[in-house]
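Contents: one structure, followed by commentary.
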Amino acid sequence: MLFSNRCKYDIGFGQPGVPEGDRVIIDTVPDKLPWLLLPHDTQCESLKFYDLSRNKVHELNLPEVLLGGVSVEVSRGWLAIAKKGQYIRDTKYSSYLSFKPIPDTEIFLFNPLSGAIHPLPSLSTLVPYYYSFVTNCIFNLGGYNVAEFIRRIELSSADPSKSIIALRFNEFEANNCGNLALCRVGDRCWSTFPRETDRDLEFGDIMFYSGDLCVLSQKIEHVETHIFKLAEDDEVRIKFIPVSTAARLPFIEVEHWGHNMATIKHALYEPYLVESINGELLIVVAHNVCYAYYDEDEDEESLDGDMDALEEERLGEGEGDFEHFFEEGDHFEPFYFEVSGFDVMEMDPNAGMMIWRSVQSLSDQLIFLTSGGRSVSVPANDLPCGIQRNCIFFLENDNYFSEVFNDYETREEVLHRRVSRESGICYLESGRIERLFPSSNRLLKCKVGWFTPTP
């Protein structure tokens, strides 16, 4: 309730001024809880954060060099700001999709408390992925959103000058399983992880843990370790961690309601990496309920066949992935994904065949989960009034593509009906979920996330 009352105007995407008494003052009192970065756009001259510990909205001005940019990631007290750069033309990889130059995107690491800025290589150095993404989006959807290209940016330490920066990014294809690139501050270009032509290796959530870059993947059976060399002969050990055994779900259930709508339970899940306050590596699995349209003219046998195919895909026995199934299937067209619960697992990344332990309670900590940056855990002692222990605060930033569009609809209209931006609090003891605010049917160019203040 405190959050809703204090942030209702910002959640509604208005831009009221923050009272002088609410402007941030750096003091000696440590922040027990992270701040919530609120929605913003390229016209903003400042960023707003909701401070759970003090129940305030802080407003911090953007430096002139970052004006026109938006935050697309949050990691270790730093924001990744994306800003449109000069127009470029990719003469080597250009195709029929575009005969015109496209705008490059500059990336900066920005600490809003200290004002420190570190430029990273621009996205155009991700050849040919960035150029392909932009031209395909423009050709097929009429525009593009950099926040959809950047899936995660992760720092190996809180000091960017001593850190390795990892970037997980998308390609345009609907069944894309992502890609991975790394760099250091001062590098001129990103170093892309080589994809094996004979394997469909998937890149899920990423996190640096004990010096290694951990990557979740749903299409492997045991931990795989790769050594990757950066530009200056730096080596990074990358551990691919299977998540299929961590997300064992009941059989899929379908409930038909209305004339042509259905609820599909236990079909989809999203795993996240979190380091606990005690140093354990946790995998938090968010389970989703899918609401979908279906063709009511199809017979029951055909729909049952679709469910059998989806069950095989979910268990890794079929080709492709869940999103590919929904988008290519003839009968189901999902329009909303709702978080229905969470499982927490502790694992040993050094065990090749995986050692899992189910975590039933987070008694000594809280978890702040987000798809817009690094998820964090904090101690659950001396919590501010109204904040309970053994909870997961979650934020999602996903915009789902829709196939139901025509030449008269703009890209904003295409994605309008497929935005599933879930946020809320899950009380693990009871499984009850409270929504912080309704999912907004608006395509954001930024990402909201949990910011850990580090002056």
Using modelled amide H (1.01 Å from N, peptide plane; none on Pro or chain starts), what sits under 5 Å from the amide H of residue 340, excluding residues fewer than 5 places away? 287, 288, 289
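For the pairs 219/447; 162/447; 48/445, flag any whose C-alpha to C-alpha distance is greater than 18 Å.
Where the Cα-Cα span goes over 18 Å, the pairs concerned are 219/447; 162/447.
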Could you rank the peptides 422-433, 201-212, 363-374 by their average count of other C-beta atoms within 10 Å per residue, with the highest value first? 363-374, 201-212, 422-433
Protein chains only, probe 1.4 Å: how do 114, 375 rank by accessible area, largest first? 114, 375
Calculate, in nm to one decimal, what residue 256 and residue 225 gain on full extension: separation in residues at 0.36 nm each, minus their alpha carbon distance. 6.7 nm
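The values are calculated or read from the model by the stated rules, or taken from the named source; none is laboratory data. Note that the structure is predicted; figures quoted are calculated from it, not measured. Reconstructed Cβ throughout: ideal geometry from the backbone, glycine too, with neighbour counts over all protein chains shown. SASA here: full protein model, heavy atoms, side chains in, ligands and nucleic acids out. Shrake-Rupley method; radii C 1.70, N 1.55, O 1.52, S 1.80 Å.
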